[in-house]
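Scroll down for the structure; my scribbles are underneath it.
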Amino acid sequence: MSSQIYKDIYLDNAATTQMAGAVEEAMQPYLRENFGNASTMYSYGEDARTAIEEARRMIAESLKAKPSEIYFTSGGSESDNWAVKGIAGALKEKGRHIITSRIEHHAILNSCEYLEHLGYEVTYLDVDSNGMVSVEALEHAIRQDTTLITIMFGNNEIGTIQPIMEIGKIAREHQVLFHTDAVQAYAQIPISVRQYPIDLLSASAHKFHGPKGVGFLYVREGVQIPSFIHGGGQEQGKRAGTENVAGIVGMGKAAELAHHGMRQRIHRETMLRNYLMEKVTHEIPGARINGHRVRRLPGNVSMSFEGVDGASLLILLDEDGICASGGSACNTGESRVSYVIAAIGVPEEYAAGTIRMTLCGDTTREEIDTAVESLKRGIKLLRDS
Ligand SMILES: *Cc1c(COP(=O)(O)O)cnc(C)c1O
């Protein structure tokens, strides 16, 4: 499809983003001409190796980390699995208790559930009506045998940003490792591991205009994490497998683009997001915004409409060429209300009518206006029927 006739309004950037043109260009040489295996000795391999290390340097710099603390993976899910299972396994002699929250991504929740089957204990912290974890409740949950706290940076459905600084400080005081799933937050807001007491952090390229199937795990120097994929000696012997050279190069470029002019983009995106939130609450009766008003990812708007079926509304929006989502791309249909929406206690009359619109740096005010008009039409249609 030619991009000129592709007029859909894409408001589902939390599910995935469109790859940036400059990212594709950066990857191109490594897809064909420069196909060398980064682990070989001849110059093709050397080029690939150099490109990988350049991407690692770029990503490390974006986090104020050291290049040796960045491990490339196949994406957010692998990074989350590795962090949770890896640390739990490595420290099982110290204890078998993990603390997380009820609103984590399934990559964390299902890893925790897997560990429970192996005999670990997991505390799932509740969140308040804004989706915030209580720092007091977290401290209270820490036990002698707690080895890991894993709390996401920003939530994928409702956008709430957790008190990462406070959580990290408490973890450190109690000598418990702290992992954060920053797949939604990394490259959207500034994160420095020098500033934040974070021990491990997950991110994924396709959430910030990079390619799909590549991500990274940051592991603070001195934290011992066992290998997750066993095989060759790639990634300091911790993550075997021939490197996804083009993917890694693309992620490096995407990280560079995202961190260049980030402050301006955040400002612009936040203004548009607030504009959308205000328009929805002022112009549509029986509407509510979910998640924290201020401590929120720049591009996220989660909203619920009284007496409306969210899935039907999404179909009507789609007919108008508007791509939004039900909050999570992984809803299995077992329940019409997502566990995140249930956890923040959205009133029943609203909960089933929840949808999410997530913006990116290219979203325009005109697109928001069109989306709101479509929302109004759809909601009226559904309420009148
Ligand atoms: C998308 C997402 C993931 C999974 O990342 P993939 O690269 O798609 O595996 C994990 N956590 C959060 C918060 C996400 O939004």
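The values are calculated or read from the model by the stated rules, or taken from the named source; none is laboratory data. Values in this document were obtained by computation on a predicted structure and should not be read as measured data. Neighbour counts are summed over all protein chains in view; Cβ atoms, including those assigned to glycine, are modelled from backbone coordinates with ideal geometry. Heavy atoms of the whole protein, side chains included, go into the accessibility calculation; ligands, DNA and RNA do not. Shrake-Rupley method; radii C 1.70, N 1.55, O 1.52, S 1.80 Å.
What are the radius of gyration and Dmax of region 157-270, computed over its Cα atoms and given in Å?
Every Cα atom of region 157-270 included, Rg and Dmax give 15.5, 45 Å.
Which whole-number percent gives the relative contact order of region 204-326, counting Cα pairs below 8 Å spaced six or more residues apart?
15 percent
Which of the trypsin sites (Lys or Arg not before Pro) found in region 25-121 are in a DSSP loop and have at most 12 neighbouring Cβ atoms, other than their own, within 10 Å?
Details: sites: Arg32, Arg49, Arg56, Arg57, Lys64, Lys85, Lys92, Lys94, Arg96, Arg102; in loops: Arg32, Lys64, Lys92, Lys94, Arg96, Arg102.
Those that pass, being in a loop and sparsely packed, are Arg32.
In nm, to one decimal, how far is the modelled label at Glu46 from the one at Ile315, with both set 7 Å along Cα→Cβ?
For Glu46 paired with Ile315, the spin-label model returns 6.1 nm.
Along the principal axes of its C-alpha atoms, what lengths does the chain span, in descending order and rounded to whole Å?
Each principal axis gives a Cα extent; for the chain these are 67, 54, 35 Å.
Just how far, in whole angstrom, is region 333-373 from region 120-195 if you go by their alpha carbon centroids?
So the two Cα centres are separated by 24 Å.
Using a Cα distance threshold of under 16 Å, what count of lysine pairs results for the chain when pairs must be 8 or more residues apart or interchain?
Working: Lys85/Lys94; Lys85/Lys238; Lys207/Lys253; Lys212/Lys253; Lys279/Lys376; Lys279/Lys380.
The result is 6.
Projected area of region 103-228, taken from the Cα convex hull and averaged over every viewing direction, in nm²?
Details: hull surface 33.3 nm².
So the mean shadow area of the Cα hull is 8.3 nm².
On full extension of the chain, what length is gained from His106 through Asp384, given 0.36 nm per residue of separation minus the C-alpha to C-alpha distance?
96.5 nm
Give, to the nearest whole percent, the P(r) tail of region 244-332 beyond 23 angstrom, counting all Cα pairs.
Roughly 42 percent, rounded to a whole number.
Out of every Cα pair in region 1-79, what percent are spaced more than 17 Å from each other?
Cα-Cα pairs of region 1-79 separated by over 17 Å account for 65 percent.
Quick one: compute a quarter of the convex hull surface over the Cα atoms of region 118-181 and quote it in nm².
On the way: hull surface 18.6 nm².
Value for region 118-181: 4.7 nm².
State the percent of C-alpha pairs, over all pairs in region 1-133, separated by a distance greater than 25 angstrom.
Result for the distance tail: 53 percent.
In whole percent, what relative contact order does region 64-135 give with Cα contacts below 8 Å and a gap of six or more residues? Provide the component values of the computation, followed by the final result.
Numbers: 60 pairs, mean separation 21.4, N = 72.
Computed over region 64-135, the figure is 30 percent.
Roll a 1.4 Å probe over the protein chains and send me the accessible area per residue for the chain in Å².
Averaged over the residues of the chain, the accessible area is 45 Å².
Have a look at Val135, Val294, Val84 and tell me which one the Gaussian network model of the chain (Cα, springs below 10 Å) gives the largest fluctuation.
Val294
Using a simple spin-label model with points 7 Å from Cα along the Cα→Cβ vector, what separation in nm is obtained for His230 and Glu139?
Label at His230, label at Glu139, 4.2 nm between them.
Express the carbon and sulfur contribution to the solvent-accessible surface of the chain as a percent, rounded to the nearest whole number, probe 1.4 angstrom.
On the way: 8720 of 17180 Å².
Accessible surface attributable to carbon and sulfur in the chain totals 51 percent.
Would you work out if region 209-255 is rounded, prolate or oblate? Take a ≥ b ≥ c from the square roots of the eigenvalues of the alpha-carbon gyration tensor; rounded if a/c is under 1.5, else prolate when a/b is larger than b/c, oblate otherwise.
oblate
Which whole-number percent gives the relative contact order of the chain, counting Cα pairs below 8 Å spaced six or more residues apart? Before the final figure, lay out the partial values.
Working: 740 pairs, mean separation 85.8, N = 385.
In percent, rounded to a whole number, it is 22.
Specify whether the C-alpha gyration tensor of region 58-175 places it in the rounded, prolate or oblate class, a ≥ b ≥ c being the square roots of the eigenvalues: rounded for a/c under 1.5, otherwise prolate if a/b is larger than b/c and oblate if not.
Details: a/c = 1.34, a/b = 1.10, b/c = 1.22.
Because its axes are fairly even, with a/c under 1.5, region 58-175 counts as rounded.
Jot down the per residue volume, in cubic angstrom and as a whole number, of the convex hull over the alpha-carbon atoms of region 287-385.
107 Å³
What FRET efficiency would be calculated for the residue pair Met165, Leu31, taking the C-beta separation as r and a Förster radius of 45 Å, to the nearest 0.05?
Computed FRET efficiency for Met165 and Leu31 comes out at 0.65.
So how exposed is Asp12, as accessible area in Å² (1.4 Å probe, rounded to 10)?
The value for Asp12 is about 20 Å².
Could you work out the pair-distance distribution P(r) of region 256-300 from its alpha-carbon pairs, with 5 angstrom bin width and percents rounded to whole numbers?
5, 21, 25, 21, 13, 8, 5, 2, 0
What net charge is computed for the residues neighbouring Asp199, neighbours being all others with C-beta under 9 Å from the C-beta of Asp199, Lys and Arg scored +1, Asp and Glu -1?
After counting each charged neighbour, the total is +2.
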